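Engineer: Take this structure first; my questions come after.
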(Lines give C-alpha, C1' and ligand atoms only; values in the text may rest on other atoms or scores of the structure.)
Protein backbone atom coordinates (compact mmCIF):
# COMPACT_ATOMS: atom_id res chain seq x y z
CA UNK A 1 0.00 0.00 0.00
CA UNK A 2 1.21 3.50 -0.77
CA UNK A 3 1.93 6.00 1.94
CA UNK A 4 -1.15 7.97 2.93
CA UNK A 5 -0.87 11.58 1.87
CA UNK A 6 -0.95 14.20 4.56
CA UNK A 7 -3.68 16.80 4.81
CA UNK A 8 -3.16 20.16 3.11
CA UNK A 9 -5.17 23.36 2.97
CA UNK A 10 -5.95 22.63 -0.68
CA UNK A 11 -7.25 19.14 0.13
CA UNK A 12 -9.34 20.62 2.93
CA UNK A 13 -11.08 22.79 0.33
CA UNK A 14 -9.25 26.13 0.39
CA UNK A 15 -7.58 27.45 -2.77
CA UNK A 16 -4.91 30.15 -2.39
CA UNK A 17 -5.79 33.48 -3.99
CA UNK A 18 -2.33 33.98 -5.51
CA UNK A 19 -2.89 31.38 -8.21
CA UNK A 20 -6.33 32.61 -9.31
CA UNK A 21 -6.45 34.73 -12.45
CA UNK A 22 -9.75 36.25 -11.31
CA UNK A 23 -8.08 37.52 -8.13
CA UNK A 24 -5.53 39.46 -10.16
CA UNK A 25 -8.31 40.92 -12.30
CA UNK A 26 -10.25 41.87 -9.18
CA UNK A 27 -7.23 43.73 -7.78
CA UNK A 28 -6.74 45.50 -11.11
CA UNK A 29 -10.12 47.21 -10.79
CA UNK A 30 -9.76 47.93 -7.10
CA UNK A 31 -6.33 49.52 -7.56
CA UNK A 32 -7.71 51.76 -10.31
CA UNK A 33 -9.90 53.45 -7.68
CA UNK A 34 -6.77 54.61 -5.83
CA UNK A 35 -4.89 56.03 -8.80
CA UNK A 36 -6.30 59.57 -8.66
CA UNK A 37 -6.61 59.82 -4.89
CA UNK A 38 -3.34 61.08 -3.36
CA UNK A 39 -4.98 61.12 0.07
CA UNK A 40 -4.54 57.33 0.14
CA UNK A 41 -1.19 56.95 1.91
CA UNK A 42 -0.73 53.16 1.89
CA UNK A 43 -0.58 50.54 -0.82
CA UNK A 44 -2.74 47.44 -0.99
CA UNK A 45 -0.92 44.64 0.78
CA UNK A 46 -0.23 46.38 4.07
CA UNK A 47 -2.38 45.51 7.05
CA UNK A 48 -4.57 48.61 6.95
CA UNK A 49 -5.39 51.40 4.52
CA UNK A 50 -4.67 54.96 5.61
CA UNK A 51 -6.52 58.00 4.26
CA UNK A 52 -5.20 61.48 5.03
CA UNK A 53 -8.07 63.75 6.12
CA UNK A 54 -5.97 66.63 7.51
CA UNK A 55 -2.25 67.54 7.40
CA UNK A 56 -1.49 65.59 10.59
CA UNK A 57 -4.48 63.28 10.77
CA UNK A 58 -5.37 60.12 8.92
CA UNK A 59 -7.90 57.35 9.37
CA UNK A 60 -6.80 53.73 9.21
CA UNK A 61 -9.27 51.16 7.91
CA UNK A 62 -9.26 47.38 8.06
CA UNK A 63 -11.89 44.71 7.52
CA UNK A 64 -11.93 41.01 8.37
CA UNK A 65 -14.18 38.21 9.55
CA UNK A 66 -14.06 35.15 11.76
CA UNK A 67 -14.25 32.48 9.04
CA UNK A 68 -15.13 28.85 9.68
CA UNK A 69 -14.39 29.16 13.39
CA UNK A 70 -18.09 30.08 13.44
CA UNK A 71 -18.90 26.46 12.61
CA UNK A 72 -17.12 25.36 15.78
CA UNK A 73 -19.22 27.80 17.78
CA UNK A 74 -22.33 26.28 16.22
CA UNK A 75 -21.19 22.74 17.03
CA UNK A 76 -20.41 23.74 20.61
CA UNK A 77 -23.57 25.85 20.91
CA UNK A 78 -21.30 28.48 22.45
CA UNK A 79 -21.33 31.92 20.86
CA UNK A 80 -20.02 34.28 23.54
CA UNK A 81 -16.38 34.44 22.41
CA UNK A 82 -16.45 34.69 18.62
CA UNK A 83 -17.16 38.41 18.88
CA UNK A 84 -13.75 38.71 20.52
CA UNK A 85 -12.26 37.02 17.47
CA UNK A 86 -13.97 39.47 15.13
CA UNK A 87 -12.68 42.47 17.07
CA UNK A 88 -9.20 40.97 17.35
CA UNK A 89 -8.77 40.19 13.67
CA UNK A 90 -9.59 43.79 12.82
CA UNK A 91 -7.87 45.82 15.52
CA UNK A 92 -4.71 43.69 15.39
CA UNK A 93 -4.43 44.78 11.74
CA UNK A 94 -5.19 48.44 12.46
CA UNK A 95 -2.31 48.76 14.94
CA UNK A 96 0.17 47.43 12.38
CA UNK A 97 0.35 50.84 10.68
CA UNK A 98 0.78 52.60 14.03
CA UNK A 99 -2.87 53.63 14.32
CA UNK A 100 -4.87 53.71 17.54
CA UNK A 101 -8.16 51.82 17.05
CA UNK A 102 -11.26 53.84 17.96
CA UNK A 103 -14.27 51.97 16.58
CA UNK A 104 -15.55 48.97 14.63
CA UNK A 105 -18.75 48.34 12.70
CA UNK A 106 -20.01 44.76 12.63
CA UNK A 107 -21.84 42.92 9.85
CA UNK A 108 -23.87 39.79 10.58
CA UNK A 109 -25.49 37.78 7.80
CA UNK A 110 -27.72 34.99 9.04
CA UNK A 111 -30.34 32.45 8.08
CA UNK A 112 -32.84 33.17 10.81
CA UNK A 113 -32.96 36.45 12.72
CA UNK A 114 -35.08 34.88 15.48
CA UNK A 115 -32.24 32.67 16.70
CA UNK A 116 -31.27 33.48 20.32
CA UNK A 117 -27.49 33.29 19.79
CA UNK A 118 -27.28 36.96 18.75
CA UNK A 119 -27.25 38.02 22.39
CA UNK A 120 -24.23 35.77 23.01
CA UNK A 121 -22.43 37.15 19.94
CA UNK A 122 -23.02 40.61 21.36
CA UNK A 123 -21.36 39.63 24.66
CA UNK A 124 -18.20 38.67 22.80
CA UNK A 125 -18.19 41.86 20.76
CA UNK A 126 -18.50 43.84 23.99
CA UNK A 127 -15.62 41.95 25.64
CA UNK A 128 -13.38 42.50 22.61
CA UNK A 129 -14.29 46.18 22.44
CA UNK A 130 -13.45 46.70 26.12
CA UNK A 131 -10.07 45.00 25.71
CA UNK A 132 -9.34 47.09 22.60
CA UNK A 133 -10.74 50.31 24.10
CA UNK A 134 -13.02 50.90 21.13
CA UNK A 135 -16.73 51.45 20.54
CA UNK A 136 -19.14 49.67 18.21
CA UNK A 137 -21.31 52.65 17.16
CA UNK A 138 -23.29 50.76 14.53
CA UNK A 139 -23.43 47.83 12.16
CA UNK A 140 -25.72 45.78 9.96
CA UNK A 141 -27.72 42.58 10.26
CA UNK A 142 -28.95 40.89 7.09
CA UNK A 143 -31.25 37.87 6.95
CA UNK A 144 -30.11 35.86 3.91
CA UNK A 145 -31.91 32.56 4.25
CA UNK A 146 -31.19 31.52 0.65
CA UNK A 147 -27.47 32.31 0.85
CA UNK A 148 -26.22 31.49 4.35
CA UNK A 149 -26.02 27.85 5.43
CA UNK A 150 -24.87 26.36 8.70
CA UNK A 151 -24.47 22.85 10.05
CA UNK A 152 -28.04 22.86 11.34
CA UNK A 153 -30.94 24.37 9.44
CA UNK A 154 -31.53 27.95 10.52
CA UNK A 155 -28.34 28.21 12.58
CA UNK A 156 -25.95 29.48 9.90
CA UNK A 157 -24.44 32.97 10.05
CA UNK A 158 -21.36 34.96 9.14
CA UNK A 159 -19.69 37.65 11.21
CA UNK A 160 -17.31 40.33 9.93
CA UNK A 161 -16.22 43.81 10.88
CA UNK A 162 -14.59 47.00 9.66
CA UNK A 163 -12.37 48.81 12.15
CA UNK A 164 -11.29 52.46 12.16
CA UNK A 165 -8.22 53.95 13.77
CA UNK A 166 -6.51 57.33 13.95
CA UNK A 167 -2.90 57.97 12.96
CA UNK A 168 -0.61 60.80 11.90
CA UNK A 169 -0.01 59.99 8.19
CA UNK A 170 3.49 61.44 8.55
CA UNK A 171 4.36 58.82 11.19
CA UNK A 172 3.10 55.60 9.68
CA UNK A 173 4.68 52.30 10.69
CA UNK A 174 5.07 50.40 7.43
CA UNK A 175 8.31 48.45 7.84
CA UNK A 176 10.70 51.11 6.59
CA UNK A 177 14.27 51.48 7.84
CA UNK A 178 14.72 47.86 8.89
CA UNK A 179 18.42 46.96 8.86
CA UNK A 180 20.31 43.71 8.89
CA UNK A 181 20.55 42.41 12.43
CA UNK A 182 17.46 44.19 13.75
CA UNK A 183 15.78 41.82 16.22
CA UNK A 184 12.24 40.59 15.69
CA UNK A 185 10.24 39.99 18.85
CA UNK A 186 7.43 37.46 18.79
CA UNK A 187 4.40 37.83 21.04
CA UNK A 188 2.68 34.57 21.90
CA UNK A 189 -0.63 33.65 20.34
CA UNK A 190 -3.44 32.18 22.40
CA UNK A 191 -3.64 29.23 20.00
CA UNK A 192 -4.96 28.95 16.47
CA UNK A 193 -6.52 32.42 16.64
CA UNK A 194 -8.91 32.66 13.64
CA UNK A 195 -6.88 31.30 10.73
CA UNK A 196 -6.47 27.86 9.21
CA UNK A 197 -9.74 26.57 10.61
CA UNK A 198 -10.81 24.68 7.52
CA UNK A 199 -7.68 22.55 7.78
CA UNK A 200 -7.77 22.38 11.59
CA UNK A 201 -11.41 21.27 11.61
CA UNK A 202 -10.88 18.65 8.91
CA UNK A 203 -8.02 17.12 10.88
CA UNK A 204 -9.25 17.39 14.46
CA UNK A 205 -12.98 16.86 13.97
CA UNK A 206 -12.24 14.12 11.46
CA UNK A 207 -10.42 12.18 14.18
CA UNK A 208 -11.98 13.32 17.47
CA UNK A 209 -15.42 14.23 18.77
CA UNK A 210 -16.02 17.91 19.45
CA UNK A 211 -16.47 17.28 23.21
CA UNK A 212 -13.67 14.72 23.49
CA UNK A 213 -11.05 15.63 26.06
CA UNK A 214 -7.52 15.34 24.69
CA UNK A 215 -4.70 14.75 27.14
CA UNK A 216 -2.17 16.80 25.14
CA UNK A 217 -4.52 19.78 25.10
CA UNK A 218 -5.74 19.52 28.69
CA UNK A 219 -9.29 20.23 27.51
CA UNK A 220 -11.78 19.22 24.82
CA UNK A 221 -11.22 19.69 21.11
CA UNK A 222 -14.06 22.20 20.95
CA UNK A 223 -12.70 24.25 23.83
CA UNK A 224 -9.30 24.42 22.15
CA UNK A 225 -10.78 25.45 18.81
CA UNK A 226 -12.88 28.18 20.41
CA UNK A 227 -10.00 29.79 22.35
CA UNK A 228 -10.39 33.52 21.53
CA UNK A 229 -7.83 35.35 19.43
CA UNK A 230 -5.44 37.42 21.56
CA UNK A 231 -5.80 41.18 21.20
CA UNK A 232 -2.48 43.07 21.07
CA UNK A 233 -3.77 46.65 21.17
CA UNK A 234 -2.74 47.52 24.72
CA UNK A 235 0.94 46.44 24.55
CA UNK A 236 1.34 47.90 21.06
CA UNK A 237 -0.09 51.27 22.08
CA UNK A 238 2.04 51.23 25.24
CA UNK A 239 5.15 50.85 23.07
CA UNK A 240 4.14 53.88 21.00
CA UNK A 241 3.19 55.90 24.09
CA UNK A 242 6.68 55.23 25.48
CA UNK A 243 8.16 56.56 22.21
CA UNK A 244 9.83 53.25 21.38
CA UNK A 245 10.91 53.51 17.74
CA UNK A 246 8.98 50.61 16.25
CA UNK A 247 10.00 49.79 12.68
CA UNK A 248 7.29 47.20 12.07
CA UNK A 249 4.24 45.73 13.74
CA UNK A 250 3.20 42.44 12.12
CA UNK A 251 0.03 40.45 12.73
CA UNK A 252 0.63 36.74 12.05
CA UNK A 253 -2.56 35.54 10.37
CA UNK A 254 -3.23 33.50 7.22
CA UNK A 255 0.05 32.61 5.42
CA UNK A 256 1.75 32.32 8.80
CA UNK A 257 5.18 33.92 9.04
CA UNK A 258 5.03 34.99 5.40
CA UNK A 259 3.21 37.99 6.86
CA UNK A 260 6.70 39.23 7.77
CA UNK A 261 7.16 40.05 4.09
CA UNK A 262 4.58 42.84 4.45
CA UNK A 263 7.23 45.49 5.06
CA UNK A 264 8.60 48.10 2.69
CA UNK A 265 12.24 47.35 3.54
CA UNK A 266 14.04 44.89 1.28
CA UNK A 267 14.87 42.45 4.03
CA UNK A 268 14.12 38.85 4.92
CA UNK A 269 13.99 37.30 8.36
CA UNK A 270 15.86 34.43 9.94
CA UNK A 271 13.67 32.96 12.68
CA UNK A 272 16.20 30.83 14.52
CA UNK A 273 14.84 31.15 18.05
CA UNK A 274 11.16 30.22 17.85
CA UNK A 275 9.61 28.82 21.04
CA UNK A 276 8.13 25.32 21.10
CA UNK A 277 4.71 25.53 19.41
CA UNK A 278 1.63 24.96 21.61
CA UNK A 279 0.24 21.39 21.74
CA UNK A 280 -2.63 22.05 19.31
CA UNK A 281 -0.21 22.61 16.44
CA UNK A 282 1.69 19.42 17.20
CA UNK A 283 -1.58 17.49 17.40
CA UNK A 284 -2.80 18.77 14.04
CA UNK A 285 0.52 17.94 12.41
CA UNK A 286 0.69 14.45 13.88
CA UNK A 287 -2.91 13.36 13.36
CA UNK A 288 -3.23 14.95 9.92
CA UNK A 289 0.26 14.01 8.75
CA UNK A 290 0.69 17.65 7.80
CA UNK A 291 4.08 18.64 6.41
CA UNK A 292 6.24 21.37 7.96
CA UNK A 293 5.80 23.60 4.95
CA UNK A 294 2.00 23.21 5.07
CA UNK A 295 1.98 24.04 8.78
CA UNK A 296 4.09 27.13 8.12
CA UNK A 297 1.83 28.15 5.23
CA UNK A 298 -1.33 27.91 7.31
CA UNK A 299 -0.82 28.56 11.03
CA UNK A 300 0.78 31.08 13.38
CA UNK A 301 2.70 28.28 15.17
CA UNK A 302 2.33 30.01 18.52
CA UNK A 303 3.35 33.55 17.57
CA UNK A 304 0.44 35.90 16.93
CA UNK A 305 2.18 39.26 16.59
CA UNK A 306 5.72 40.52 15.91
CA UNK A 307 7.62 43.72 16.57
CA UNK A 308 10.77 44.82 14.74
CA UNK A 309 13.00 47.39 16.46
CA UNK A 310 16.67 48.27 16.75
CA UNK A 311 18.80 46.16 19.07
CA UNK A 312 18.85 48.92 21.69
CA UNK A 313 15.04 48.90 21.95
CA UNK A 314 14.44 45.14 22.22
CA UNK A 315 14.58 45.08 26.02
CA UNK A 316 12.05 47.93 26.20
CA UNK A 317 9.60 45.97 24.03
CA UNK A 318 10.02 42.84 26.15
CA UNK A 319 9.43 44.87 29.31
CA UNK A 320 6.15 46.25 27.92
CA UNK A 321 5.00 42.75 26.98
CA UNK A 322 5.79 41.44 30.44
CA UNK A 323 3.87 44.28 32.06
CA UNK A 324 0.83 43.41 29.91
CA UNK A 325 1.25 39.69 30.65
CA UNK A 326 1.89 38.69 27.05
CA UNK A 327 4.69 36.11 26.72
CA UNK A 328 7.32 37.38 24.28
CA UNK A 329 10.89 36.72 23.19
CA UNK A 330 13.35 37.59 20.46
CA UNK A 331 12.64 34.99 17.76
CA UNK A 332 15.13 36.05 15.10
CA UNK A 333 16.57 38.93 13.15
CA UNK A 334 16.39 40.77 9.86
CA UNK A 335 18.79 39.78 7.08
CA UNK A 336 19.67 41.47 3.81
CA UNK A 337 17.55 39.82 1.14
CA UNK A 338 15.94 41.48 -1.88
CA UNK A 339 13.65 38.44 -2.23
CA UNK A 340 12.40 38.95 1.37
CA UNK A 341 12.59 35.25 2.24
CA UNK A 342 11.54 33.94 5.66
CA UNK A 343 13.83 31.16 6.90
CA UNK A 344 12.79 28.88 9.78
CA UNK A 345 15.67 26.44 10.50
CA UNK A 346 13.75 24.46 13.16
CA UNK A 347 11.07 23.59 10.61
CA UNK A 348 13.50 23.34 7.69
CA UNK A 349 11.36 25.66 5.55
CA UNK A 350 11.81 28.89 3.63
CA UNK A 351 8.96 31.26 2.87
CA UNK A 352 8.85 32.99 -0.51
CA UNK A 353 6.27 35.16 -2.27
CA UNK A 354 3.79 32.35 -2.94
CA UNK A 355 4.32 29.86 -0.08
CA UNK A 356 6.76 28.03 2.18
CA UNK A 357 9.07 25.41 0.68
CA UNK A 358 11.34 22.75 2.21
CA UNK A 359 14.91 23.95 2.62
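The values are calculated or read from the model by the stated rules, or taken from the named source; none is laboratory data. Not measured: the values here are computed from a predicted model. Counting neighbours? That spans all protein chains shown, and the Cβs are built from the backbone with ideal geometry, glycine included.
Engineer: Name the residue that is farthest from residue 259 (Cα to Cα), counting only residues in region 281-298 that are touching a strand residue (DSSP E or B) at 6+ places or on another chain (Cβ under 9 Å) and surrounded by fewer than 22 Cβ atoms within 10 Å (Cβ to Cβ).
Structural biologist: 283
Engineer: Based on this model, can you work out whether residue 191 counts as crowded, with 17+ Cβ neighbours inside 10 Å, at pLDDT below 95 and closer than 20 Å to residue 299 by Cα?
Structural biologist: So residue 191 does not fit the description; no.
Engineer: Somewhere in region 187-206, is a residue assigned to a loop (DSSP other than H, G, I, E, B) and over 20 Å from residue 85 (Cα atoms)?
Structural biologist: So far as region 187-206 goes, yes, one or more of its residues are assigned to a loop (DSSP other than H, G, I, E, B) and over 20 Å from residue 85 (Cα atoms).
Engineer: Within region 1-78, which helices (runs of 4 or more DSSP H) (wholly inside it) include 2 or more residues that are at pLDDT 95 or above and within 23 Å of residue 105 (Cα to Cα)?
Structural biologist: 69-76
Engineer: Does region 114-122 contain at least one residue that is more than 20 Å from residue 142 (Cβ to Cβ), modelled with pLDDT of 95 or more and crowded, with 16+ Cβ neighbours inside 10 Å?
Structural biologist: Scanning region 114-122, I find no residue that is more than 20 Å from residue 142 (Cβ to Cβ), modelled with pLDDT of 95 or more and crowded, with 16+ Cβ neighbours inside 10 Å, so the answer is no.
Engineer: Here's another thing I want to ask about it. For the structure I just gave you, tell me whether residue 268 is at pLDDT below 95 and out of contact with any helix residue (DSSP H, G or I) (no Cβ under 7 Å at 6 or more places or on another chain).
Structural biologist: Here the answer is no, as residue 268 does not meet what is asked.
Engineer: Quick one: which of 168, 158 is more than 21 Å from the chain's Cα centre (by Cα), surrounded by 14 or more Cβ atoms within 10 Å (Cβ to Cβ) and modelled with pLDDT of 95 or more?
Structural biologist: The match here is 168.
Engineer: For region 220-247, give me each residue that is in contact with a helix residue (DSSP H, G or I) (Cβ under 8 Å, 6 or more places away or on another chain) and not in a helix (DSSP H, G or I).
Structural biologist: Listed by number, the residues that qualify are 226, 228, 229, 230, 231, 232, 242, 244, 245, 246.
Engineer: Residue by residue through region 306-347, note down the ones that are more than 26 Å from residue 245 (Cβ to Cβ) and in contact with a helix residue (DSSP H, G or I) (Cβ under 6 Å, 6 or more places away or on another chain).
Structural biologist: Selection gives 347 alone.
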